[in-house]
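Comments concern the structure below.
The values are calculated or read from the model by the stated rules, or taken from the named source; none is laboratory data. Because the structure is predicted, anything quoted here is derived from the model rather than measured. For neighbour counting, all protein chains shown are included, and Cβ atoms are generated from backbone atoms with ideal geometry for every residue, glycine included.
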Amino acid sequence: MNYRHAYHAGNFADVLKHVALVAALGHLARKDSPYCYLDTHAGRGLYPLDAPETQRAGEYRDGVLRLLDAETPPPAVARWLDLVRELGVEDGRLRAYPGSPRFAAACLRPDDRAVLCELEAREADALRAEFRGDARVGVHARDGYEALLALVPPREKRGLVLVDPPYEQTDEFDRLIVSVAGAVKRWPTGVYAIWYPIKHGGASDRFLIRMRATGIRRQLVAELTVKPDDSPLGLNGAGLLFVNPPWQLDAELRSALAWLQPRLAAATARTGGAGANAAATGAAPRGRWRVEWLVPE
Ligand SMILES: C[S@@+](CC[C@H](N)C(=O)[O-])C[C@H]1O[C@@H](n2cnc3c(N)ncnc32)[C@H](O)[C@@H]1O
């Protein structure tokens, strides 16, 4: 396993994922009863921006850094930015970018709970050290897919699962689909958020076709690309597939992505084409965004 999230911390794909995560957890906190957050591929809590990997890749410069001083962002982006500042800014400068465990922990109320799974021993140790002393947070050095099937439904019977693998393995989509389908069978009312990369070649479209074929109801797709879909190299965009998204999260994500996409789009010369479904998608000079139901109620 070679993947190190420190290279990518704070990039446009993290922005999409974490804006949506914070928004979804905000919805769960609208009911008094406690919820459980399960992060199957947790990574670290905090990524210092001066780490050599993070500096070398510099991806955060085209991500979080472009947005930090934005005026009047939409509510979902504003809530995420407040947490970025609270967790990462020191002496007026962004020193570190939080990972999903930190964003989630900042959202937890006293009776809520987080279960963080991370397979890589060094990352799991860092995570454990970071949350020592927070009884609401449990860290498991174990395979996230295996944990997902073993740990749902949680005793709270309410909560959100984030599935955010590195997509290094050729069978990653296969494992993911089998695990999520199994988890939804065991816990049909859970909220699931699955991050996926959008690259040239159509793997993300094939993933969505397969997810639709599972028969799982209430699947919502939120995608944001920063380059044309036919750009041959690297990540053109990212998506989040929600199962059972909280009520009105779709509208909240539409206003967030419409605002984020043009600000995050890379400086590529070519024009990206969006399927211009006026209410639900946005065309932009570079790349596109969409928030659409893959499978309705
Ligand atoms: C994309 S990163 C996670 C980023 C994090 N969720 C965030 O949003 O800040 C993926 C993480 O999964 C870990 N990982 C890889 N395979 C795993 C597996 N089978 N189970 C659990 N963790 C795994 C990697 O070590 C890496 O830290």
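Within the set GLY215, GLY234, the sole residue that is free of Cβ contacts under 8 Å to residues at least 12 places away in the same chain, in a loop (DSSP other than H, G, I, E, B), surrounded by fewer than 16 Cβ atoms within 10 Å (Cβ to Cβ) and of a type outside the set (A, V, I, L, M, F, W, C) turns out to be GLY215.
Quick one: would you say GLU118 is under 24 Å from GLN55 (Cβ atoms), more than 12 Å from the ligand (Cβ to nearest atom) and either crowded, with 17+ Cβ neighbours inside 10 Å or of a type in the set (Asp, Glu) (or both)?
Numbers: under 24 Å from GLN55 (Cβ atoms): yes; more than 12 Å from the ligand (Cβ to nearest atom): no; either crowded, with 17+ Cβ neighbours inside 10 Å or of a type in the set (Asp, Glu) (or both): yes.
So GLU118 does not fit the description; no.
Candidates in the stretch 138-178 are the residues that are away from the ligand (no atom under 14 Å from the Cβ) and β-branched (Val, Ile, Thr); of these, the one that is nearest to VAL191 (Cα to Cα) is VAL152. From the list ALA256, ALA280, ALA274, the one residue that fits, being in contact with a helix residue (DSSP H, G or I) (Cβ under 8 Å, 6 or more places away or on another chain) and modelled with pLDDT under 95, is ALA280.
Among the residues of the stretch 218-231, the one identified as free of Cβ contacts under 8 Å to residues at least 40 places away in the same chain and among the hydroxyl-bearing types (Ser, Thr, Tyr) is SER231.
For the stretch 155-170, give me each residue that is over 16 Å from the mean Cα position of the chain (by Cα), at pLDDT 95 or above and on the phi < 0 side of the Ramachandran plot. Reasoning before the result, please.
Here is the first cut: in the stretch 155-170, the residues over 16 Å from the mean Cα position of the chain (by Cα) are 155-158, 168-170.
With at pLDDT 95 or above added as a condition, the list becomes 155-158.
Across the stretch 155-170, the qualifying residues are ARG155, GLU156, ARG158.
The residues of the stretch 217-239 that are farther than 15 Å from VAL295 by Cβ and of a type in the set (A, V, I, L, M), listed by number, are LEU224, VAL226, LEU233, LEU235, ALA238. Tell me, please, whether a residue that is of a type in the set (Ser, Thr, Tyr) and farther than 16 Å from VAL243 by Cα can be found in the stretch 176-195. Within the stretch 176-195 (the criterion being of a type in the set (Ser, Thr, Tyr) and farther than 16 Å from VAL243 by Cα), the answer is no, since none of the residues qualifies.
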